[in-house]
1. Within region 116-135, is even one residue in a helix (DSSP H, G or I) and not aromatic (Phe, Trp, Tyr)?
2. Out of (1) under 19 Å from Glu25 (Cβ atoms); (2) buried (at least 20 other Cβ atoms within 10 Å of the Cβ); (3) not polar (S, T, N, Q), the odd one out for Gly49 is which?
3. Would you confirm, using the coordinates I've provided, whether Asp78 is open to solvent by less than 20 Å² (accessible area, probe 1.4 Å) and touching a Pro at 6+ places or on another chain (Cβ under 7 Å)?
4. Condition check: modelled with pLDDT under 95, surrounded by fewer than 17 Cβ atoms within 10 Å (Cβ to Cβ), out of contact with any helix residue (DSSP H, G or I) (no Cβ under 7 Å at 6 or more places or on another chain) and not aliphatic (A, V, I, L, M). Does Arg110 satisfy that?
5. For Arg30, only one of the following conditions fails: (1) modelled with pLDDT of 90 or more; (2) surrounded by fewer than 18 Cβ atoms within 10 Å (Cβ to Cβ). What is its number?
6. Just to confirm my filter: which strands (runs of 3 or more DSSP E) fall fully inside region 1-112 and include at least 2 residues that are without any contact (Cβ under 8 Å) to a residue 40 or more places away in the chain and of a type in the set (D, E, K, R)?
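The values are calculated or read from the model by the stated rules, or taken from the named source; none is laboratory data. Computed from a prediction, not measured in an experiment: that's the story for all the values here. For neighbour counting, all protein chains shown are included, and Cβ atoms are generated from backbone atoms with ideal geometry for every residue, glycine included. Note: areas computed on protein heavy atoms with side chains; ligands, DNA, RNA excluded. Shrake-Rupley method; radii C 1.70, N 1.55, O 1.52, S 1.80 Å.
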Amino acid sequence: MLEAARLAPSACNRQPWRFAVVREEATRMRLVNEAFLAGIPMKWAARAGAIIALGMEKSAITHRIAPRISGVDYPLLDLGIAGEHLVLQAEELGLGTCWIGWIKPKEVRRILNWPRSIEPVSLVTVGWPSAGSRRSRSRMPLDEITKWID
């Protein structure tokens, strides 16, 4: 999964992603209890086999200059691509994932002991799904989300 994420494309090949794989139960509990925003209880996340933190290595060029010129947050886009590679590879391996963005980045950084140059963006739980837990999610019809220009 990490190899699939590592191979993702990125703007100017900057590869701004950083990952922390948390398998230790005590640290997973700390993330759930201290680093999730209030309002949506997600205690189930501590039962995952691992929680993978996705962070961005900040740089002056990609984080300050490029967005001012183009209006696009390339590192965030790059991290999304890498994270999706990770999630798709997990699915290929029969694993279940949940991408969680409802986090307190400063708390994640503190718990993981990441330097200030890494901005935590999201957490992904990974584990073996319990029997019968896989369910189909409804999706909007393609014609509602696609515009064809011929």
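1. No: region 116-135 contains no residue that is in a helix (DSSP H, G or I) and not aromatic (Phe, Trp, Tyr).
2. Of the numbered conditions (1) under 19 Å from Glu25 (Cβ atoms); (2) buried (at least 20 other Cβ atoms within 10 Å of the Cβ); (3) not polar (S, T, N, Q), the odd one out for Gly49 is (2).
3. The answer is yes for Asp78.
4. No; evaluated as a whole, the condition is false for this residue.
5. (2)
6. In region 1-112, no matching strands (runs of 3 or more DSSP E) lie anywhere.
Results for (1) touching a helix residue (DSSP H, G or I) at 6+ places or on another chain (Cβ under 7 Å); (2) among the aliphatic types (A, V, I, L, M), shown as yes or no for each residue.
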| site | (1), (2) |
| --- | --- |
| Val21 | no, yes |
| Thr27 | yes, no |
| Val32 | yes, yes |
| Ile51 | yes, yes |
| Met56 | yes, yes |
| Ser59 | no, no |
| Ile65 | no, yes |
| Ser70 | no, no |
| Pro75 | yes, no |
